Amino acid sequence: MIAPSILSADFARLADEVRAIDGADWVHVDVMDNHFVPNLTLGLPVVESLLKVTDIPLDCHLMITDPERWAPPYAEAGAHNVTFHAEATDDPVAVARDIRAAGAKAGLSVKPNTPIEPYLEILRNFDTLLVMSVEPGFGGQSFIAQVLDKARTVRRLVDAGELRLLVEIDGGINMNTIEQAAEAGVDCFVAGSAVYGTDDRAATVEILRKKAATAAS
Ligand code: DX5
Ligand code: ZN
C-alpha cells in the first residue's frame, strides 16, 4: 500500500493535490503541534475539509502531545486511521481504545531511536505500527535504514500469527529506498517528497507500488 504524505503538497490547493494522487491507498496527513515536534502543520478543521473532497481513506499521523485529548476527535470526524506516538503518552492502550471506540483504526508510531521491544505486548491493541525512518517533523530527510529491524521483528510476529496489524514506514521513502523496506516486511509506505516532488504524482505512486511488490515477492 502507498500512502502519499500531503506534507509535501501545496497547502493552498489541498483538494487538487489529493485528486492528483487518485489511485493511492491512503492519504497520509501529518498533524504537528510545534510541541511534540519543532514544526506546525494542520489540525482537525483541515482534516474535516479533506474528508469532504476525497474518498481515499485518511491516515492521520499525530505528532502531538496529549493524544488522549486530541486523537479521538479525528476518529469521530471520519479518519480511517489515527496514529499517535508512543513517546507522547503514558497510556497508549487507553488512547487506542478511545480511537477504536470512536470508529477508526488505531496506530502506534515510534521515533527512530525508540525501541520496539517495550511495546510488543501492547501491539495487539493496534491496527497499525508506524515505524518512523526519519526524525518526525519535516519532509525530505534521508532514510534511516537501521529502523528496519523493528519492521522485521513485528513482521515475524505477524507472520507467526501472534499479532494482526499492518506495518507502515514513514520518512525518506523513495525509488531508491522502498525496496529495502519492502524486503523487511513493510505493508504500507508513506512517501511525501518522492510523490509530490514529481510532476505525475499518480504515475509515481504506481511505480513505487510496483517496486515494493516486486521486492516483497
Ligand atoms: C515527517 C512526516 C512524514 C513526511 C515524510 O515527520 O511524518 O510523513 O511527510 O516525508 P518524506 O517522504 O519526504 O520523507
Ligand atoms: Zn507522517
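The values are calculated or read from the model by the stated rules, or taken from the named source; none is laboratory data. None of the values given here were measured: they were computed from a predicted structure. Quick reminder, even Gly has a Cβ in these numbers, built from the backbone with ideal geometry, and neighbours come from all protein chains shown. Note: accessible area is taken over every heavy atom of the protein model, side chains too, but ligands, DNA and RNA are not part of it. Shrake-Rupley method; radii C 1.70, N 1.55, O 1.52, S 1.80 Å.
Computed values, structure above
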quantity	calculated
Nitroxide proxy distance, nm - points 7 Å out along Cα→Cβ at ASP149 and THR198	3.2 nm
Over the chain, relative contact order from alpha-carbon pairs under 8 Å, at least 6 apart, %	20 percent
Ranked packing of 164-173, 49-58, 88-97, most packed first, by mean Cβ within 10 Å	164-173, 88-97, 49-58
11 Å beta-carbon shell around ALA104, net charge (K/R +1, D/E -1)	-2
Under Karplus coefficients 6.51, -1.76 and 1.60, residue-wise ³J(HN,Hα) of the range 117-127 in Hz, glycine/proline x	3, x, 9, 4, 5, 8, 5, 5, 8, 10, 9
Other-chain or far-sequence residues with amide H under 5 Å of LEU166's (modelled H)	THR128, LEU129
Listed peptides 66-79, 109-122 by packing density, highest first (mean Cβ within 10 Å)	66-79, 109-122
Stretch gain in nm, segment GLU206-THR54, where the contour uses 0.36 nm per residue and the Cα spacing is subtracted	52.8 nm
For GLY161, net neighbour charge (Lys/Arg +1, Asp/Glu -1) across residues whose Cβ lies under 14 Å away	+2
Calculated FRET efficiency for the pair ALA216/ALA94, C-beta based, R₀ 35 Å, to 0.05	0.55
Pairwise FRET efficiency - GLU135 versus LEU157, Cβ, R0 = 25 Å, nearest 0.05	0.45
For the range 88-95, Karplus couplings with θ = phi - 60° (6.51, -1.76, 1.60), whole Hz, Gly/Pro x	9, 8, 8, 9, x, 5, 5, 5
Computed accessible area, PHE11, all protein chains, 1.4 angstrom probe, square angstrom	90 Å²
Neighbourhood net charge (9 Å Cβ-Cβ; Lys/Arg +1, Asp/Glu -1) for THR41	-2
